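Q: One structure coming up, written as structure tokens, with questions to follow.
Derivation of every value follows stated rules applied to the coordinates shown; laboratory data play no part. Note that the structure is predicted; figures quoted are calculated from it, not measured. Ideal geometry is used to build each Cβ from the backbone, glycine not excepted, and the neighbour counts take in all protein chains shown.
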Amino acid sequence: EVQLLESGGDSVQPGGSLRLSCEASTFTFSRNAMSWVRQAPGKGLEWVSGISGSGTGRYYADSVKGRFIISRDNSKNTLYLQMNSLRAEDTAVYYCAKASCGDTCFYGLGVWGQGTTVTVSS
Amino acid sequence: DILMTQSPLSLPVTPGEPASISCRSSQSLLHSNGYKYVDWYLQKPGQSPQLLIYAGSYRASGVPDRFSGSGSGTDFTLKISRVEAEDVGVYYCMQGLQTPLTFGGGTKVEIK
């Protein structure tokens, strides 16, 4: 069974940084694009960032562009999200998700992690 | 960015009865390859979202056949032929045609 396990969520002050990780098991990691999706408390889903299977294509929501950096290490089956200049509005549960359509497309998020919580507060 | 608008916001349902959720996109999600790049997800209470339908009408692995997706370029529908108690939660549509991917606001399905 394919699994994704996020880690790295924490409580941080505004302006601080965090790095989230998402470790994948039991599939050829490099064959699939990956995304980060977040959910603020009591709110809906918001796509944050996506990366192609090779890592060469990186895409961001306007709300995080210039502050967040997505990356992946295919040798370690791990996806990352470096979050800088954090704001209160970044407070959310962050999910990583695997696209089922291949390495350069992002739809069909067929596998999701359990989520990791980021709280930005003074 | 492509705007995804779902309706209704809330949907009380009776077990055994059909249910339907609508999603409208601000631009066509029909690709030149013939696929409609809209997915449907269900987030059950306290759980991560799960994929129900991808590319407009294809059921994800393990999804019961009471769930079906249909639609044109900008108007899409998720139908549940006979609602079961386990179907409660929030349903989201999502466009996967272009980044940034965008979700609808969600439809909360609850048992009457």
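Q: I want the local charge near residue A:78. Using Cβ-Cβ distances under 13 Å, sum +1 for each Lys or Arg and -1 for each Asp or Glu among the other residues.
A: In short, +1.
Q: How long is the gain from residue A:85 to residue A:40 if the chain were fully straight, where each residue apart is worth 0.36 nm and the alpha carbon distance is subtracted?
A: The residue A:85-residue A:40 span can extend by a further 14.5 nm.
Q: Continuing with this model, one more query. Return the long-range amide H neighbours of residue B:38 (sequence gap of 5 or more, or a different chain), with a cut-off of under 5 Å between placed amide H atoms.
A: B:55, B:56, B:96
Q: Taking residue B:44 as the anchor, which lysines have their alpha carbon closer than 26 Å to its alpha carbon, excluding any fewer than eight residues away along the same chain?
A: Output for residue B:44: A:43, A:98, B:36, B:79, B:108, B:112.
Q: Under the 0.36 nm per residue contour assumption, what length would be gained going from the current alpha-carbon distance of residue B:74 and residue B:5 to full extension? Intermediate results must be reported in sequence, preceding the final value.
A: Working: separation 69, 0.36 × 69 = 24.84 nm, distance 1.03 nm.
Working it through step by step, the gained length comes to 23.8 nm.
Q: Once you wrap a convex hull around the alpha carbon atoms of the range B:14-112, what is its projected area averaged over all directions, in nm²?
A: Mean projected area for the range B:14-112: 6.3 nm², to one decimal.
Q: Provide the per-residue ³J(HN,Hα) series for the range B:92-101, in order, calculated from phi with Karplus coefficients 6.51, -1.76, 1.60 and θ = phi - 60°, each as a whole number of Hz, with x at glycine and proline positions.
A: 10, 9, 8, 9, x, 6, 8, 7, x, 4
Q: Also: Across peptide A:107-119, how many C-beta atoms of other chains are within 10 Å of each residue C-beta, on average?
A: 4
Q: Taking the Cα atoms of chain A, report the difference between the largest and smallest coordinate on each principal axis, in whole Å and largest first.
A: 41, 27, 26
Q: Here's something else I'd like to know. For a test of the definition: using alpha carbon positions, the gyration tensor, and the 1.5 limit on a/c, classify the protein assembly as shown as rounded, prolate or oblate. Mind dumping the intermediate values first?
A: Values: a/c = 1.69, a/b = 1.44, b/c = 1.18.
Prolate shape, in that a/c is at least 1.5 and a/b is the bigger ratio.
Q: Shifting gears a bit: By its C-alpha gyration tensor, with a ≥ b ≥ c as the square roots of the eigenvalues, how is the range A:32-75 shaped: rounded for a/c under 1.5, else prolate for a/b larger than b/c, else oblate? Display every interim value, and only then the final one.
A: On the way: a/c = 2.68, a/b = 1.78, b/c = 1.51.
Prolate.
Q: In whole percent, what relative contact order does chain B give with Cα contacts below 8 Å and a gap of six or more residues?
A: Working: 279 pairs, mean separation 42.6, N = 112.
This gives 38 percent for chain B.
Q: Assuming R0 = 41 Å, what is the FRET efficiency of residue B:28 and residue A:17, from their Cβ-Cβ distance, to the nearest 0.05? Spell out each step's value before the answer.
A: Working: r = 39 Å, r/R0 = 0.96.
That pair, residue B:28 with residue A:17, gives E of 0.55.
Q: Shifting gears a bit: Can you check what the net charge comes to around residue B:15, using other residues whose Cβ is under 12 Å from the Cβ of residue B:15 (Lys, Arg +1; Asp, Glu -1)?
A: -2
Q: Shape verdict for the range B:68-112, please, from the Cα gyration tensor: rounded (a/c under 1.5), prolate (a/b greater than b/c) or oblate.
A: Cα axes put the range B:68-112 in the oblate bin.
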